[in-house]
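Student: Following this message is one structure expressed as structure tokens.
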Amino acid sequence: MFEKKSGILLIAGVGFFAFAFLSNAVIPILMYRHLPEKTVKQVVNGNVRYQFEDLAQRYPAAFEKAYGQPPADPQQAGEWYDEKCAEALEVGRKVYIGEGCWHCHSQFVRPVSNEDRRWGPVSQSWEYQNRLQRPVMFGTRRVGPDLSREGGRRSNDWHAVHFFKPDMLSPKSPMPQYPWLFDGTPDQPNTRGLALMTYVQWLGSWLESYPYYEDYAPTPIKNIVATE
Amino acid sequence: MTSSLTVSDAELPRHEDLVEERLVLWYFVAALTFMVISMTAGVLMGLQLIRHNPLPAIELFSPGRWRMVHTNAIAYGFIANAFLGIMHWIIPRLTLRPVLSRPLSYVIFGAWQFVVLATAVGILLGEAQGVEWGETPVWIDPLALVGLLLVAINFGAPIIQVRGPMYVTLWYYLAALVWTFLTYAMGNFVPEYFVCGSSAGAVGGLFIHDLVGLFVTPLGWGMMYYFVPILLKRPMWSHGLSLVGFWGLAFFYPLQGIHHFLYTPIPMFLQYGAVLSTIALELVVLTVIINFVGTLRGTGGEVLRNLPLRYFYTGIAFYFLTCLQCALQTTLTFQALIHFTDWVVGHAHMVMFGVFSMWQLGAMTYLVPRILKTDWYNPEWCEWHFWGSAGGLMLMSGDLILCGLFQGWSWAALQPWESSVQVSIPFWSVRIVAGLVMFAVQLLFIYNFFKTWQKSRAVAASV
């Protein structure tokens, strides 16, 4: 059996592989089956909506170029923002992967090494049960800090400048520059730039503790307030 | 092996009918080309880390993208191509049967180069897939999988026809042909289309791990069990230990994927299981190392004098070191400190370059003069290549492993993030130097290869 083709093919080749897949992959899949995968629209929440509307106000021209005009009716405008925000999250995640952000920034806070004191609550399974975590963006290396609690910590302006030229804000940062996310200057983010900022502001936006550092009062977008 | 010794030479098929030598060389050329691409990418990312990127702010030269080209070009461009070339030599000679079809072999060669090039181009255009070591854009994955299936059929045919017991190399090869296909399919499709979150993490870990353990490792050990006895002109020390090594690897290796994601929300008992099987595998590895060191008994200093053999045993020594490191670093205590740090990067370089690339470069050093039927253009340069590769790698790995400890302590001490970057700068600088040494000697090797090829043509023309 141990030196025969059938043994090697069936037991080692297929059998042991299948056993490992069952024990290491199928078991967690079954254990999390009570947490169905949320769609992108379902993970749009008030916090990330706030940031998305903030982008619309800070960069009106860029925002309009990327997403067009919201409908005049406040109810419809609300739905419109939700829809566009989901769109931005999806594109933002694609940029995050395509630029290799996930190879220098992790997305999980461990219960060791004082990580909860540096970043906030330890990561839990339910946080990852959504479309934007398929494939999961855990990451395996931290040249820069973990980002799973990054949302809301810094303003969109900060992120814009930082993506454009990181060492303007973080001196001696080894992070590369991403000027192609902008039309020439940091105050003119393009579609990809706006999307990546929305994605980063979304990270951790589902937690009670969002934002972790900065005080803010959730205010709906101004023209909606004005019309209501 | 033993049965072939009893057959008279007249009955053996001729080497020329078995091995498509030209294809072996083509694979080596392709492998070394991707090695240069990968190392260029590595240097670019390395320079970015020490803030000396010569090409900043250019989209197509973004270090983040080139970092993915670095790993993919080395895994699928260098390592896979070199293995395919070496298998085209070993499998027909060991089974005494040619591969299924020579035209198919050339189709596979072309298809595989297309897959790797398309991967690199796709990544540079920002189309990477979010699976580590599987960043190949999603639309290339099915093609790559078809390629792997054809590889399995082309090489599987002669292996399946072997009558009676098979030699160790063929156990590893046969299993690896199945495993590589399954691993690639699992890792690229399950976390992309079927499961999200922690479960996708578990599958992703399994993929990262199986790629090393079920694709690279068995193909690597397969060639060691072939070349080492041939170069030493003696059988392996213990057939029993060969059996333990193969079956131990087959059972324990696939069970460890989750150890790449310890302390994540993946269920804790599964994390413990992965840790325990990692430590168990270390014992299996020990039996393999003992077997290979035992084979050396009574051969004097042959392992030092014979350059290919020296490559192989250097790789075996690094293999022992990395596996010992695995057994320690996989423990939760170690992980708390070194996970996410450059320790892991140092470890990965020691495995991929120190072990498998060293073996493949050794095999190239051995095979190229045999195929070209002339000595190396400059054997001295081959020595330089060895010492530059081994020395550079040792410096790089040692440096990064040490760097990882400093980073881990800096983070745990809640120092500002920038301190962990500042403390890394000296280490990252040394890493660049080590990388450039490794790069330089590969270029020297390629030039030597080129001159040897030229020389062989001159020799052939003069005959």
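Student: Tell me whether the stretch B:190-201 contains one or more residues that are outside any helix (DSSP H, G or I) and over 18 Å from the mean Cα position of the chain (by Cα).
Tutor: Filtering the stretch B:190-201 for residues outside any helix (DSSP H, G or I) gives B:195-196.
The next check asks that each one be over 18 Å from the mean Cα position of the chain (by Cα); those that pass are B:195-196.
Looking through the stretch B:190-201, at least one residue is outside any helix (DSSP H, G or I) and over 18 Å from the mean Cα position of the chain (by Cα).
Matching residues to (1) under 27 Å from B:Trp171 (Cβ atoms); (2) part of a helix (DSSP H, G or I); (3) touching a helix residue (DSSP H, G or I) at 6+ places or on another chain (Cβ under 7 Å):
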| site | (1), (2), (3) |
| --- | --- |
| A:Phe2 | yes, no, yes |
| A:Ala25 | yes, yes, yes |
| A:Ile29 | no, yes, yes |
| A:Arg33 | no, no, no |
| A:Pro36 | no, no, no |
| A:Tyr50 | no, yes, no |
| A:Leu55 | no, yes, yes |
| A:Ala62 | no, yes, yes |
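Student: Give just the number: which of (1) crowded, with 23+ Cβ neighbours inside 10 Å; (2) under 25 Å from B:Trp26 (Cα atoms) does B:Trp171 not satisfy?
Tutor: For B:Trp171, the exception is condition (2).
Student: With the requirement that a residue be β-branched (Val, Ile, Thr) and within 14 Å of another protein chain (Cβ to nearest Cβ), what does the stretch B:225-247 give you?
Tutor: B:Val244
Student: Residue by residue through the stretch B:220-268, note down the ones that are part of a helix (DSSP H, G or I), among the hydroxyl-bearing types (Ser, Thr, Tyr) and either without any contact (Cβ under 8 Å) to a residue 60 or more places away in the chain or more than 25 Å from A:Ala20 (Cβ to Cβ) (or both).
Tutor: First, pick out the residues of the stretch B:220-268 that are part of a helix (DSSP H, G or I): B:220-232, B:239-261, B:268.
Next, from what is left, pick out any that are among the hydroxyl-bearing types (Ser, Thr, Tyr): B:225-226, B:242, B:253.
Listed by number, the residues that qualify are B:Tyr225, B:Tyr226, B:Tyr253.
Student: Looking at B:Gly362, B:Gly408, B:Gly388, can you tell me which residue is part of a helix (DSSP H, G or I) and more than 30 Å from B:Ala458 (Cα to Cα)?
Tutor: Values: B:Gly362 fails: more than 30 Å from B:Ala458 (Cα to Cα); B:Gly388 fails: more than 30 Å from B:Ala458 (Cα to Cα).
On inspection, the qualifying residue turns out to be B:Gly408.
Student: Further question: Go through the stretch B:389-421 and give me each residue that's buried (at least 22 other Cβ atoms within 10 Å of the Cβ) and β-branched (Val, Ile, Thr).
Tutor: B:Ile401 - this is the single residue of the stretch B:389-421 that is buried (at least 22 other Cβ atoms within 10 Å of the Cβ) and β-branched (Val, Ile, Thr).
Student: Only one of (1) under 23 Å from B:Ser429 (Cβ atoms); (2) surrounded by fewer than 23 Cβ atoms within 10 Å (Cβ to Cβ); (3) away from chain A (no Cβ under 14 Å) fails for B:Val107. Which number is that?
Tutor: (1)
Student: Filter the stretch A:64-89 down to the residues that are farther than 27 Å from A:Gly184 by Cβ and either in contact with a Ser or Thr (Cβ under 9 Å, 6 or more places away or on another chain) or part of a helix (DSSP H, G or I) (or both) and list them by number. Talk me through it step by step, then tell me what you get.
Tutor: Going through the stretch A:64-89, the residues farther than 27 Å from A:Gly184 by Cβ turn out to be A:71-80, A:82-83, A:86.
The answer is A:Ala72, A:Asp73, A:Pro74, A:Gln75, A:Gln76, A:Ala77, A:Gly78, A:Glu79, A:Trp80, A:Asp82, A:Glu83, A:Ala86.
Here's the yes/no breakdown for (1) within 17 Å of the chain's Cα centre (by Cα); (2) not in a helix (DSSP H, G or I):
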residue	(1), (2)
A:Pro121	yes, yes
A:Pro135	yes, yes
A:Gly139	yes, yes
A:Gly151	yes, yes
A:Asp157	no, no
A:Met175	no, yes
A:Val200	yes, no
A:Ser209	yes, yes
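Student: Answer yes or no: is there a residue in the stretch B:239-262 that is buried (at least 22 other Cβ atoms within 10 Å of the Cβ), β-branched (Val, Ile, Thr) and farther than 23 Å from B:Ile140 by Cβ. Give the derivation first.
Tutor: Within the stretch B:239-262, the subset buried (at least 22 other Cβ atoms within 10 Å of the Cβ) is B:242, B:245-246, B:249-250, B:252-262.
So of that shortlist, the ones also β-branched (Val, Ile, Thr) come out as B:258.
If we keep only those that are farther than 23 Å from B:Ile140 by Cβ as well, we get B:258.
Yes, there is a match, as at least one residue in the stretch B:239-262 is buried (at least 22 other Cβ atoms within 10 Å of the Cβ), β-branched (Val, Ile, Thr) and farther than 23 Å from B:Ile140 by Cβ.
Student: Residues B:Pro158, B:Pro142: which one is within 17 Å of B:Glu21 (Cβ to Cβ), at pLDDT 95 or above and in a helix (DSSP H, G or I)? Don't jump to the end; show me each part of the working.
Tutor: Numbers: B:Pro142 fails: within 17 Å of B:Glu21 (Cβ to Cβ).
Result of the check over B:Pro158, B:Pro142: B:Pro158.
Student: Given the structure, is A:Gln188 polar (S, T, N, Q), crowded, with 21+ Cβ neighbours inside 10 Å and either assigned by TED's automatic domain parsing to the domain that holds A:Tyr50 or in contact with a helix residue (DSSP H, G or I) (Cβ under 6 Å, 6 or more places away or on another chain) (or both)? Before the answer, list the steps.
Tutor: Numbers: polar (S, T, N, Q): yes; crowded, with 21+ Cβ neighbours inside 10 Å: no; either assigned by TED's automatic domain parsing to the domain that holds A:Tyr50 or in contact with a helix residue (DSSP H, G or I) (Cβ under 6 Å, 6 or more places away or on another chain) (or both): yes.
Criteria not met by A:Gln188.
Student: Based on what the data block shows, is A:Ser173 of a type in the set (Gly, Ala, Ser), under 23 Å from B:His70 (Cβ atoms) and surrounded by fewer than 21 Cβ atoms within 10 Å (Cβ to Cβ)? Steps first, answer last, please.
Tutor: On the way: of a type in the set (Gly, Ala, Ser): yes; under 23 Å from B:His70 (Cβ atoms): yes; surrounded by fewer than 21 Cβ atoms within 10 Å (Cβ to Cβ): yes.
Taking the combined requirement at face value, the residue satisfies it.
Student: Considering the stretch A:66-122 alone, what residues qualify as being of a type in the set (Gly, Ala, Ser) and either away from chain B (no Cβ under 14 Å) or free of Cβ contacts under 8 Å to residues at least 24 places away in the same chain (or both)?
Tutor: Initial filter on the stretch A:66-122 (of a type in the set (Gly, Ala, Ser)): A:66, A:68, A:72, A:77-78, A:86, A:88, A:92, A:98, A:100, A:106, A:113, A:120.
If the condition is that a residue be of a type in the set (Gly, Ala, Ser) and either away from chain B (no Cβ under 14 Å) or free of Cβ contacts under 8 Å to residues at least 24 places away in the same chain (or both), then A:Ala66, A:Gly68, A:Ala72, A:Ala77, A:Gly78, A:Ala86, A:Ala88, A:Gly98, A:Gly100, A:Ser113 are the ones that fit.
Student: Just give me the residues in the stretch B:52-73 being of a type in the set (A, V, I, L, M, F, W, C) and surrounded by fewer than 24 Cβ atoms within 10 Å (Cβ to Cβ), in sequence order. Before the answer, list the steps.
Tutor: Filtering the stretch B:52-73 down to residues of a type in the set (A, V, I, L, M, F, W, C) leaves B:55, B:57-58, B:60-61, B:66, B:68-69, B:73.
Within the stretch B:52-73, B:Leu55, B:Ala57, B:Ile58, B:Leu60, B:Phe61 qualify.
Student: May I ask you to verify whether B:Val99 is in contact (Cβ under 8 Å) with a residue 12 or more places away in the chain, touching a Ser or Thr at 6+ places or on another chain (Cβ under 8 Å) and within 14 Å of chain A (Cβ to nearest Cβ)?
Tutor: Details: in contact (Cβ under 8 Å) with a residue 12 or more places away in the chain: yes; touching a Ser or Thr at 6+ places or on another chain (Cβ under 8 Å): yes; within 14 Å of chain A (Cβ to nearest Cβ): no.
Criteria not met by B:Val99.
Student: OK, next. Return the residues of the stretch B:421-447 that are polar (S, T, N, Q) and within 19 Å of B:Gly392 (Cα to Cα); say none if nothing qualifies. Walk me through it before giving the result.
Tutor: If we filter the stretch B:421-447 for residues that are polar (S, T, N, Q), which is where we start, we get B:422, B:424, B:429, B:442.
Answer for the stretch B:421-447, where residues must be polar (S, T, N, Q) and within 19 Å of B:Gly392 (Cα to Cα): B:Ser424, B:Ser429, B:Gln442.
Student: Shifting gears a bit: Restricting to the stretch A:4-22, name every residue that is out of contact with any helix residue (DSSP H, G or I) (no Cβ under 7 Å at 6 or more places or on another chain), part of a helix (DSSP H, G or I) and either of a type outside the set (Val, Ile, Thr) or touching a residue at least 24 places away in the same chain (Cβ under 8 Å) (or both).
Tutor: Here is the first cut: in the stretch A:4-22, the ones out of contact with any helix residue (DSSP H, G or I) (no Cβ under 7 Å at 6 or more places or on another chain) are A:4, A:6-7, A:10-11, A:15, A:18-19, A:22.
Pick out the ones that are also part of a helix (DSSP H, G or I) and you get A:6-7, A:10-11, A:15, A:18-19, A:22.
Answer for the stretch A:4-22, where residues must be out of contact with any helix residue (DSSP H, G or I) (no Cβ under 7 Å at 6 or more places or on another chain), part of a helix (DSSP H, G or I) and either of a type outside the set (Val, Ile, Thr) or touching a residue at least 24 places away in the same chain (Cβ under 8 Å) (or both): A:Ser6, A:Gly7, A:Leu10, A:Gly15, A:Ala18, A:Phe19, A:Leu22.
Student: Anything in the stretch B:322-363 that is within 11 Å of the chain's Cα centre (by Cα) and over 28 Å from A:Glu115 (Cα atoms)? List them, or say none.
Tutor: Those that are within 11 Å of the chain's Cα centre (by Cα) and over 28 Å from A:Glu115 (Cα atoms): B:Met350, B:Val351, B:Met352, B:Phe353, B:Gly354, B:Val355, B:Phe356, B:Ser357, B:Met358, B:Trp359, B:Gln360, B:Leu361.
Student: Okay, moving on. Taking the stated definitions as given, is A:Ser155 among the hydroxyl-bearing types (Ser, Thr, Tyr), surrounded by fewer than 19 Cβ atoms within 10 Å (Cβ to Cβ) and facing another protein chain (nearest Cβ under 8 Å)?
Tutor: Values: among the hydroxyl-bearing types (Ser, Thr, Tyr): yes; surrounded by fewer than 19 Cβ atoms within 10 Å (Cβ to Cβ): yes; facing another protein chain (nearest Cβ under 8 Å): no.
For A:Ser155, the condition - among the hydroxyl-bearing types (Ser, Thr, Tyr), surrounded by fewer than 19 Cβ atoms within 10 Å (Cβ to Cβ) and facing another protein chain (nearest Cβ under 8 Å) - is not met.
The values are calculated or read from the model by the stated rules, or taken from the named source; none is laboratory data. None of the values given here were measured: they were computed from a predicted structure. Using ideal geometry, Cβ is built from the backbone for each residue, glycine included, and neighbour counts are taken over all protein chains shown.
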